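Down below is the structure, laid out as structure tokens.
The values are calculated or read from the model by the stated rules, or taken from the named source; none is laboratory data. It should be emphasised that the depicted structure is a prediction, and the values quoted were computed from it without experimental measurement. Using ideal geometry, Cβ is built from the backbone for each residue, glycine included, and neighbour counts are taken over all protein chains shown. Keep in mind that these areas ignore ligands, DNA and RNA; they rest on the heavy atoms of the full protein, side chains included. Shrake-Rupley method; radii C 1.70, N 1.55, O 1.52, S 1.80 Å.
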Amino acid sequence: MGRVALVTGGSRGIGEAISKALQAEGFQVAATYAGNDEAAAKFSAETGIKTYKWNVADYASSKAGIAQVEADLGPIEVVVANAGITRDAPFHKMTPEQWNEVIDTNLTGVFNTIHPIWPGMRERKFGRVIVISSINGQKGQFAQTNYAATKAGDLGIVKSLAQEGARAGITANAICPGYIATEMVMAIPEKVRDSIIANIPAGRLGEPSEIARCVCFLASDDSGFINGSTISANGAQFFV
Ligand code: CAA
């Protein structure tokens with residue numbers, strides 16, 4: 001049996017492509033979702049990948065959910081912290097609720113996802129931690145002070161974990177997708193979206209499978225010396 005991989009937000013969008021790609025590489029995949037039962041059921045029926053429902057913003061739920069995945073499939077050796085939300089608004093209009101929801105899911109949610117898995121990885125001397133950050137954590141974005149703060153914070157988590165895990169055979173890396181053709185990007189007003197695409201040198205949105213490709217690379221046993229890095233996949237829209 002292949003290694004066990006957990007993908008949060010793994011039944012839709014970029015996460016769906018990641019779950020499918022890891023499965024194709026031979027991993028035993030568990031995908032989490034927060035609320036869309038219908039999409040999760042459809043995804044499971046199509047792929048045979050087991051889905052688990054919990055809110056990554058809640059530590060106790062994450063810990064219990066992870067224990068259930070490990071009871072069902074075995075120790076989690078690859079974790080992809082992918083679940084994320086947007087609550088876009090110019091800063092002068094942003095409410096504390098919009099700020100907190102995004103921080104709780106995209107930043108604290110990454111802690112809640114990795115923290116219960118980390119001790120087992122240390123004991124077994126193997127782990128692959130992959131965090132899906134964003135181009136907007138690198139460059140900032142109008143109307144995304146909350147989201148950009150979390151995605152920049154995710155890079156800080158990865159760089160710190162890379163140092164803590166290196167001697168224990170654990171790598172931690174980030175991927176910064178640019179604008180990818182998912183529901184999240186399709187929710188941007190069309191006129192604004194068109195102007196964003198016009199500024200992507202590739203002249204198009206990215207495909208979820210192009211992010212999944214990066215995850216498979218980092219998840220592989222052969223990627224042990226790639227640690228603390230950030231892979232940008234953005235069609236040449238932004239260089240660090
Ligand atoms: N730069 C400068 N000005 C901008 C701007 C930008 N990028 N985007 C909008 N504006 C300006 C508008 O031109 C408009 O100006 P005027 O008032 O002079 O006409 C003003 O800001 C709009 O302000 P409003 O107060 O009317 O804005 P709003 O409350 O209606 O909010 C919005 C609109 C939420 C900003 C909307 O334009 C939007 O969704 N923008 C896209 C934000 C974005 O890129 N989000 C990324 C989502 S995808 C993602 O997050 C995935 C990932 O990782 C890449």
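Restrict the check to region 117-135 and report whether at least one residue is within 11 Å of the ligand (Cβ to nearest atom) and under 30 Å from GLY74 (Cβ atoms).
As a first pass, look at region 117-135 and keep what is within 11 Å of the ligand (Cβ to nearest atom): 132-135.
Next cut, under 30 Å from GLY74 (Cβ atoms) only: 132-133.
The answer is yes; a qualifying residue exists.
Look at GLY165 and say whether it is under 22 Å from ASN106 (Cα atoms) and near the ligand (Cβ under 9 Å from one of its atoms).
no
Restricting attention to region 118-151, which residues are within 17 Å of VAL185 (Cα to Cα) and in a strand (DSSP E or B)?
Passing the criteria: only ILE132.
Mind listing just one residue for me: the one in region 1-23 that is among the basic types (Lys, Arg) and within 16 Å of ALA212 (Cβ to Cβ) and, of those, least open to solvent (accessible area, probe 1.4 Å)?
Once the filter is applied, the top-ranked residue is LYS20.
From the list GLY35, GLY26, exactly one residue is out of contact with any Cys (no Cβ under 8 Å at 6 or more places or on another chain), open to solvent by 30 Å² or more (accessible area, probe 1.4 Å) and within 19 Å of GLU183 (Cα to Cα). Which is it?
Checking each option against the conditions leaves just GLY35.
What number of residues within region 64-96 are more than 20 Å from ARG12 (Cβ to Cβ), within 12 Å of the ligand (Cβ to nearest atom) and either assigned to a loop (DSSP other than H, G, I, E, B) or free of Cβ contacts under 8 Å to residues at least 24 places away in the same chain (or both)?
Summing the residues that are more than 20 Å from ARG12 (Cβ to Cβ), within 12 Å of the ligand (Cβ to nearest atom) and either assigned to a loop (DSSP other than H, G, I, E, B) or free of Cβ contacts under 8 Å to residues at least 24 places away in the same chain (or both) in region 64-96 gives 6.
Those residues that are among the charged types (D, E, K, R) and surrounded by 13 or more Cβ atoms within 10 Å (Cβ to Cβ), I need them from region 190-212; list them, please.
ARG193, GLU207, GLU210
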